[in-house]
Amino acid sequence: MSMFDSAKEKLGGLVDDHGDKVSEGLDKAGDFADEKTGGKYGDQIDQGVDKAKDGLDGLDGQNDDIDDGNQ
């Protein structure tokens, strides 16, 4: 098992256990970035946050841990 596999497993477990908090943190980070750029890049920031949520949620092969706001 490589170092990256181990990190992926640990991060996947974190997301499984605390998906709601991870989602909330990503939303806050996106809001902060949007505020700092004066809303100029809001669409791109939102897309980045969504991709980050999808990537983290799919670490365990299932998209069931992070609420994307559409559920």
Residue count for the stretch 18-66, restricted to those that are assigned to a helix (DSSP H, G or I), touching a residue at least 24 places away in the same chain (Cβ under 8 Å) and buried (at least 16 other Cβ atoms within 10 Å of the Cβ): 10
Working only within the stretch 40-71, note down all residues that are over 17 Å from residue 13 (Cβ atoms), small (Gly, Ala, Ser) and at pLDDT below 95. 52, 69
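The values are calculated or read from the model by the stated rules, or taken from the named source; none is laboratory data. No experiment lies behind these values; they were computed from the predicted model shown. In this analysis, Cβ positions are derived from the backbone assuming ideal geometry, glycine residues included, and neighbour counts consider all displayed protein chains.
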